[in-house]
2 protein chains.
Amino acid sequence: MANEQNNQTTPAAGKPENVVYIGKKPTINYVLAVVTQFNNGMEEVTIKARGNSISRAVDVKEIVINRYLPNLKERGIRTSSEELVNEDGTKSKVSAIQIVLGK
Amino acid sequence: MANEQNNQTTPAAGKPENVVYIGKKPTINYVLAVVTQFNNGMEEVTIKARGNSISRAVDVKEIVINRYLPNLKERGIRTSSEELVNEDGTKSKVSAIQIVLGK
């Protein structure tokens, strides 16, 4: 697991993926997670969120750029719909967002 | 006010701006507002939201495209920080999103 030192989400093969998933913790936790990835040498970090956490994902991006790393570039924002299977087997759709930041 | 028939937000001069502001009403209200603007002949509609309503703005975009107007194109998503002045004179920052859809 020597690879994990700089990159918590290294897939088994291919280019490392640097993703910060936004959940229900305080916004600053995710801000620091993104800043840490860049400080560890990552060239690109993707912020992902679903449902009500989408607003927090935008907060994270704005705070990272305005307060910590003003030279970062926004490389793209994409939204999508994902299908979830509920406990009773029915399906629901939830919106998702993906924000890519790069040096 | 003859101009208002097709366009609720015509500015005093220049190109008409077609903006749907997302608030706390049910999502479907805003979905129908966007669909109505396109059905009234608009070529482009902008969805704007701030703070916790950002998640709902993404829902509106996804539902409009997936369920009502699949041929629409996303012309751009931008996020920003806006400054609000509180009642006691202090200032807070709030994130905002702007999603432009076009025919």
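Here is a list: A:45, A:34. Which entry is buried (at least 20 other Cβ atoms within 10 Å of the Cβ), at pLDDT 95 or above, away from every other protein chain (no Cβ under 12 Å) and not in a helix (DSSP H, G or I)?
Result of the check over A:45, A:34: A:45.
Residue by residue through segment B:66-81, note down the ones that are among the hydrophobic types (A, V, I, L, M, F, W, C) and facing chain A (nearest Cβ under 9 Å).
Answer for segment B:66-81, where residues must be among the hydrophobic types (A, V, I, L, M, F, W, C) and facing chain A (nearest Cβ under 9 Å): just B:77.
Can you pull out every residue in segment B:49-64 that is among the aliphatic types (A, V, I, L, M) and facing chain A (nearest Cβ under 7 Å)?
If the condition is that a residue be among the aliphatic types (A, V, I, L, M) and facing chain A (nearest Cβ under 7 Å), then B:54, B:58 are the ones that fit.
Please find, among A:86, A:29, A:3, A:40, the residue that is surrounded by fewer than 20 Cβ atoms within 10 Å (Cβ to Cβ) and at pLDDT 95 or above.
Details: A:86 fails: at pLDDT 95 or above; A:3 fails: at pLDDT 95 or above; A:40 fails: at pLDDT 95 or above.
A:29 is the lone residue from the list that is surrounded by fewer than 20 Cβ atoms within 10 Å (Cβ to Cβ) and at pLDDT 95 or above.
How many residues, within segment A:82-98, are in a strand (DSSP E or B), more than 8 Å from every other protein chain (Cβ to nearest Cβ) and among the polar types (S, T, N, Q)?
2
Out of all the residues in segment A:49-76, which are part of a helix (DSSP H, G or I) and within 17 Å of residue A:18 (Cβ to Cβ)?
Of everything in segment A:49-76, those that are part of a helix (DSSP H, G or I) and within 17 Å of residue A:18 (Cβ to Cβ) turn out to be A:57, A:60, A:61, A:64, A:65, A:68.
Mind checking which residues of segment B:54-80 are closer than 19 Å to residue B:94 by Cβ and either under 11 Å from the mean Cα position of the chain (by Cα) or hydrophobic (A, V, I, L, M, F, W, C) (or both)?
B:54, B:56, B:57, B:58, B:60, B:77
The values are calculated or read from the model by the stated rules, or taken from the named source; none is laboratory data. Quick caveat: nothing in here was measured; it's all calculated off a predicted structure. Here Cβ is always computed from backbone atoms with ideal geometry, including for glycine, and neighbour counts include all displayed protein chains.
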